[in-house]
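**Q** Below are the structure tokens for one structure; questions will follow.
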């Protein structure tokens with residue numbers, strides 16, 4: 001009887017150790033370095049980001065949330081709507097919103113380190129309409 005209790009206790013402790021050891025670390029994407037993204041252009045790099053993640057129905061399209069990020073409207077809306085700060089790119093509202101520092105991260109599916117790095121680099125390069 002005493003041996004049964006010892007075996008049960010050892011088994012229980014073993015199971016607790018095994019269960020305690022089974023967990024998954026949350027994988028957080030590494031923020032891509034701005035230097036790693038190369039030369040960024042509004043048309044070739046940012047418009048595809050907006051098309052894939054922002055300017056769909058109910059989001060940042062005509063009649064949706066401001067700013068309208070459709071290809072024909074994105075540049076004037078961003079540059080005249082206080083979304084870009086070329087003097088201090090990291091403080092740009094567009095960049096801060098994408099990172100989630102000013103409300104829900106954009107896109108709402110979650111902040112994207114590569115997108116964020118490209119937007120920041122574009123702003124650092126002067127936020128040109130190129």
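The values are calculated or read from the model by the stated rules, or taken from the named source; none is laboratory data. All figures in this text were calculated on a predicted structure; none of them were measured in a lab. Cβ atoms come from the backbone with ideal geometry, glycine included; neighbour counts cover every protein chain shown.
**Q** Within the stretch 51-60, does at least one residue satisfy the condition of being modelled with pLDDT under 95, surrounded by fewer than 16 Cβ atoms within 10 Å (Cβ to Cβ) and over 21 Å from residue 114 (Cα atoms)?
**A** Looking through the stretch 51-60, at least one residue is modelled with pLDDT under 95, surrounded by fewer than 16 Cβ atoms within 10 Å (Cβ to Cβ) and over 21 Å from residue 114 (Cα atoms).
**Q** Just give me the residues in the stretch 80-92 being modelled with pLDDT of 95 or more, outside any loop (DSSP other than H, G, I, E, B) and either buried (at least 21 other Cβ atoms within 10 Å of the Cβ) or out of contact with any helix residue (DSSP H, G or I) (no Cβ under 9 Å at 6 or more places or on another chain) (or both), in sequence order.
**A** If the condition is that a residue be modelled with pLDDT of 95 or more, outside any loop (DSSP other than H, G, I, E, B) and either buried (at least 21 other Cβ atoms within 10 Å of the Cβ) or out of contact with any helix residue (DSSP H, G or I) (no Cβ under 9 Å at 6 or more places or on another chain) (or both), then 91 is the only one that fits.
**Q** Looking only at residues in the stretch 99-110 that are crowded, with 16+ Cβ neighbours inside 10 Å and free of Cβ contacts under 8 Å to residues at least 24 places away in the same chain, which one is farthest from residue 57 (Cα to Cα)?
**A** Applying the filter and picking the extreme gives 99.
**Q** Another question, then. Out of (1) without any contact (Cβ under 8 Å) to a residue 24 or more places away in the chain; (2) part of a loop (DSSP other than H, G, I, E, B); (3) more than 18 Å from the chain's Cα centre (by Cα), the odd one out for residue 71 is which?
**A** Only one criterion in (1) without any contact (Cβ under 8 Å) to a residue 24 or more places away in the chain; (2) part of a loop (DSSP other than H, G, I, E, B); (3) more than 18 Å from the chain's Cα centre (by Cα) is unmet by residue 71, namely (1).
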